[in-house]
Amino acid sequence: ETGVTQTPRHLVMGMTNKKSLKCEQHLGHNAMYWYKQSAKKPLELMFVYSLEERVENNSVPSRFSPECPNSSHLFLHLHTLQPEDSALYLCASSAGRTGGSYGYTFGSGTRLTVV
Amino acid sequence: GDSVTQMEGPVTLSEEAFLTINCTYTATGYPSLFWYVQYPGEGLQLLLKATKADDKGSNKGFEATYRKETTSFHLEKGSVQVSDSAVYFCALRKGNQGGKLIFGQGTELSVKP
């Protein structure tokens, strides 16, 4: 148990489906992040939320829609995905967005397969 | 911009061998440095960190020293085990506005019995 819980662990969806990934932390952190990890590629930072406000969106296609209803929960809503979106999606949280000495705490990820 | 460069993998070692995974960084100011480990099928876990020059981070037999003069943070372990097989990520973070955690590309380690 890392302190950051992601559900589901595995997800298979068709290109016309709509699904959501969930991330939950009860570490008292106030910043949360979505990363995409594809095979043979570096980690890609997708979205950053600080105090429930989206502060960064790294040119992510609109078929990915994040939501942060409170400081403990983060969602990634998925619709009309493409096969190349298949990847491990990682959620992370940190104690402060600008706290340089703090690392991030990661969840175990959701393995997404788009068919 | 700021960046982290790790040695290419995969690295394959026999059990009880000495491990070094090289990491160098480019950054202005005084970043904190981190090593994360990702076991198969899992997310990233913080392995160790160092927040200022000459600090040594250590955990589970792994060590890394923050060398500002060579802008390096090499990961070492004296005797690896099969259970150390994983992907290792070096990262830096600065404390200024928008201080993101910047990762290297990861180095895969495979330890054979």
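Here are some notes:
- In loop segments of the stretch A:25-115 as defined by DSSP, the trypsin sites (Lys or Arg not before Pro) with at most 15 further C-beta atoms inside 10 Å of their C-beta are A:Lys40, A:Arg63.
- Cβ-Cβ FRET estimate between A:Asn17 and A:Asn58, R0 fixed at 25 Å, reported to 0.05: 0.55
- Extreme residue, positive dipole direction of chain A, given options A:Thr80, A:Pro61, A:Ala95 (C-beta unit charges): A:Thr80
- Delta accessible area of at least 50 Å² on complex formation, residues of the stretch B:16-50, 1.4 Å probe, chain isolated as reference: B:Leu44
- Inverse mean reciprocal Cα-Cα distance (Kirkwood Rh) of the stretch A:16-83, Å: 12.7 Å
- Scaled radius of gyration (Cα, divided by 2.2 N^0.38 Å) that the protein assembly as shown gives: 1.02
- Ellipsoid semi-axes in whole angstrom, largest first, where each is sqrt(5λ) of the Cα gyration tensor of chain B: 24, 14, 12
- Carbon plus sulfur fraction of accessible area for the protein assembly as shown, probe 1.4 Å, in percent: 48 percent
- A DSSP coil position with no more than 14 other Cβ atoms inside 10 Å describes the following chymotrypsin sites (Phe, Trp or Tyr not before Pro) in the stretch B:1-79: B:Phe18.
- A/B buried area, accessible surface, summed, 1.4 Å probe, Å²: 1700 Å²
- Cα-centred dipole magnitude for chain B, charges only on beta-carbon of K, R (+1) and D, E (-1), debye, nearest 20: 420 debye
- Distances between placed amide hydrogens fall under 5 Å for B:Leu47 paired with B:Trp35, B:Tyr36, B:Val37, all partners being 5 or more residues away or on another chain.
- Across peptide A:109-115, the average count of Cβ atoms from other chains found within 10 Å of a residue's Cβ is 1.
- The residues of the stretch A:1-59 expose, per residue, 58 Å² of accessible area to a 1.4 Å probe.
- The figure for A:His10 is an accessible area of roughly 140 square angstrom, using a 1.4 Å probe on the protein chains alone.
- Within the listed set A:Cys23, A:Cys68, A:Cys91, the residue fluctuating most in the Gaussian network model of chain A (springs between alpha-carbon atoms under 10 angstrom) is A:Cys68.
- Sequence-ordered 3J(HN,Hα) estimates for the stretch A:78-91 from the Karplus curve with 6.51, -1.76 and 1.60 and θ = phi - 60° stand at 10, 8, 6, 6, 10, x, 6, 7, 4, 4, 9, 9, 10, 9 Hz, glycine and proline given as x.
- Per residue, in Å², the accessible surface of the stretch A:62-115 once ligands and nucleic acids are set aside, probe 1.4 Å: 34 Å²
- Solvent-accessible surface of the stretch B:1-61, averaged per residue with a 1.4 angstrom probe and all protein chains in place: 52 square angstrom.
- Between the listed residues B:Thr71, B:Phe18, B:Val37, the Cα displaced farthest toward the positive end of the dipole of chain B, a dipole computed from Cβ unit charges relative to the Cα centre, is found at B:Thr71.
- Note on the protein assembly as shown: with charges restricted to the Cβ of Lys and Arg (+1) and Asp and Glu (-1), its dipole about the Cα centre is near 360 debye.
- When +1 charges are put on Lys and Arg Cβ atoms and -1 charges on Asp and Glu Cβ atoms, the dipole computed for the stretch A:5-115 relative to its Cα centre reaches about 320 debye.
- Which of B:Asp2, B:Asp54, B:Asp84 is most accessible, then next, and so on - probe 1.4 Å: B:Asp54, B:Asp2, B:Asp84
- Which listed pairs, of A:Lys19/B:Lys100; A:Lys22/B:Lys112; A:Lys22/B:Lys68; A:Lys41/B:Lys112; A:Lys40/B:Lys77; A:Lys19/B:Lys77, have C-alpha distances above 31 Å, in listed order: A:Lys22/B:Lys112; A:Lys22/B:Lys68; A:Lys19/B:Lys77
The values are calculated or read from the model by the stated rules, or taken from the named source; none is laboratory data. Keep in mind the model is a prediction, meaning the values are calculated, not measured. Counting neighbours? That spans all protein chains shown, and the Cβs are built from the backbone with ideal geometry, glycine included. Just so you know, the surface numbers come from the protein's heavy atoms only, side chains and all, with ligands and any DNA or RNA stripped out. Shrake-Rupley method; radii C 1.70, N 1.55, O 1.52, S 1.80 Å.
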